[in-house]
Amino acid sequence: MDLSLVDASSVFTDCTPTNQTLLGFHASVFSHSISKNKPAKLDDVRSNGWLDAMQSSSPRKKTLKDIAIDFASDDSDIVYYSWMLKYPSALSSFHHIVNRAHKKMIVIFLDYDGTLSPIVDDPNRAFMSIDMHSAVKGVAKHFPTAIISGRSLDKVYELVGLTELFYAGSHGMDIIFPAKDTSISYTSYIQSTNKQQGKEVNLFQPAKEFIPMINEVFRTLVEVTKDIPGAFVENHKFCASVHYRNVEEKSWPMIAQCVHDVLKDYPRLTLTHGRKVLEIRPLIDWDKGKAVEFLLESLGLSNTNDVLPIYIGDDRTDEDAFKVLREGNRGYGILVSSVPKESKAFLSLRDTLEVKEFLNSLVIWKEQLSNTII
Ligand SMILES: [Mg+2]
């Protein structure tokens with residue numbers, strides 16, 4: 001494939017990387033110098049839909065005017081409850097879920113930001129509540145449980161801090177899993193065996209070759225956005241994020257143009273829109289859905305007759321995992337959202353409080369079941 005023909009701007013608004021043949025190329029071959037300090041041409045980001053996606057990527061903070069409108073009208077509740085006819089609450093569907101789990105092993109997959117922790121202005125302060133921490137610890141005691149986050153593996157592990165979980169960072173591009181199983185079909189991509197918490201673990205890093213490129217892009221993005229108040233760039237090892245939650249909306253076109261201009265020189269990287277964050281990631285055929293399949297296989301839990309996977313997430317990148325579960329008729333994708341939106345999930349939860357309630361319900365159900373059997 002002639003990489004020079006890849007029109008990066010045409011795929012930036014699609015959260016699913018389209019190129020499926022690039023694994024194996026060496027990153028250094030495609031490293032480019034960056035033209036810095038270019039005057040911004042805002043036409044690019046307006047015409048390719050970036051600005052529209054940025055404005056719709058996250059519900060706005062409510063202003064006093066918004067709150068007044070809320071009091072004046074219950075329309076938004078009516079719309080939400082209508083939407084729930086298509087995506088029923090996982091809480092009210094709980095008995096249906098556990099009935100389907102009869103004689104099956106439930107496996108839990110959890111996104112982090114917006115699912116276990118509230119979305120906050122400073123991503124470094126997105127902590128779980130003590131109660132949520134207990135709920136996650138509780139489910140991990142009874143069910144295989146994995147966190148799949150866009151954050152770096154190290155960062156999400158630091159934030160969650162539970163050794164009994166499995167972790168996949170960088171949208172599933174950095175997975176740590178037990179070393180005992182060598183029968184999985186992805187063996188050629190397993191990069192190394194490490195020790196963590198005294199246990200032998202394997203690391204699966206299908207985008208390892210991109211690390212130098214991501215480092216370079218990260219440094220450039222820091223440089224080109226340094227004069228935009230509120231802009232914050234993070235390096236997640238296999239992807240980079242440009243947060244604009246704290247940037248005045250009038251400067252969003254400037255943020256978009258800066259990122260756009262940098263990415264023009266990197267045809268092997270693509271962009272996805274998160275909740276007030278632009279995420280730059282390798283253009284490879286790997287996503288959270290693939291990470292779910294990989295983890296199920298690596299844990300010896302890929303038999304669909306014996307296993308009921310449940311994936312809870314709030315972001316566009318979680319849709320890849322919802323899609324895998326829906327298309328395989330393999331359990332439940334649960335979208336966390338307080339506003340109606342189209343999804344591949346089957347069920348919904350309104351916010352992190354409902355996520356916690358759902359996790360606690362699973363724990364109570366499992367403990368009651370165990371007591372009944374004894
Ligand atoms: Mg999230």
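A few remarks follow.
- Test result for residue 128, within 16 Å of the ligand (Cβ to nearest atom), open to solvent by 20 Å² or more (accessible area, probe 1.4 Å) and in contact with a strand residue (DSSP E or B) (Cβ under 8 Å, 6 or more places away or on another chain): yes
- Residue in segment 230-240 that is of a type in the set (A, V, I, L, M) and more than 23 Å from residue 121 (Cα to Cα) present: no
- For segment 307-338, a residue qualifies if it is among the charged types (D, E, K, R), open to solvent by 10 Å² or more (accessible area, probe 1.4 Å) and part of a loop (DSSP other than H, G, I, E, B), and the qualifying residues are 315, 330.
- Cβ pairs under 8 Å, 6+ apart, first in segment 345-374 and part of a helix (DSSP H, G or I), second among the basic types (Lys, Arg): 363/141
- Residue among 117, 134 that is within 26 Å of residue 177 (Cα to Cα) and within 15 Å of the ligand (Cβ to nearest atom): 117
- Residue list for segment 331-347, restricted to those being over 16 Å from the mean Cα position of the chain (by Cα) and within 15 Å of the ligand (Cβ to nearest atom): 338, 339, 341
- Residue 238 meets the conditions (1) at pLDDT below 95; (2) over 22 Å from the mean Cα position of the chain (by Cα) in every case but one. The failed one is (2).
- Only residues that are more than 27 Å from residue 133 (Cβ to Cβ) and either open to solvent by less than 10 Å² (accessible area, probe 1.4 Å) or outside the structural domain of residue 356 (by the TED database) (or both) were counted across segment 88-121, and they come to 0.
- Restricting segment 141-167 to residues that are free of Cβ contacts under 8 Å to residues at least 60 places away in the same chain and assigned to a loop (DSSP other than H, G, I, E, B), the residue that is nearest to the ligand (Cβ to nearest atom) is 149.
- In this structure, residue 288 does satisfy being open to solvent by less than 10 Å² (accessible area, probe 1.4 Å), within 16 Å of the ligand (Cβ to nearest atom) and under 23 Å from residue 113 (Cβ atoms).
- Residues in segment 314-330 that are among the basic types (Lys, Arg) and within 13 Å of the ligand (Cβ to nearest atom): 316 only.
- Single residue of segment 343-374 satisfying the filter (among the acidic types (Asp, Glu) and at pLDDT 95 or above) that is farthest from residue 84 (Cα to Cα): 357
The values are calculated or read from the model by the stated rules, or taken from the named source; none is laboratory data. On a predicted model such as this, the values are computed, not experimentally measured, just so you know. Please note: Cβ atoms are built from the backbone with ideal geometry, for glycine as well, and neighbour counts cover all protein chains shown. Each accessible area value is taken on the protein alone, full model and side chains, heavy atoms only, with ligands, DNA and RNA left out. Shrake-Rupley method; radii C 1.70, N 1.55, O 1.52, S 1.80 Å.
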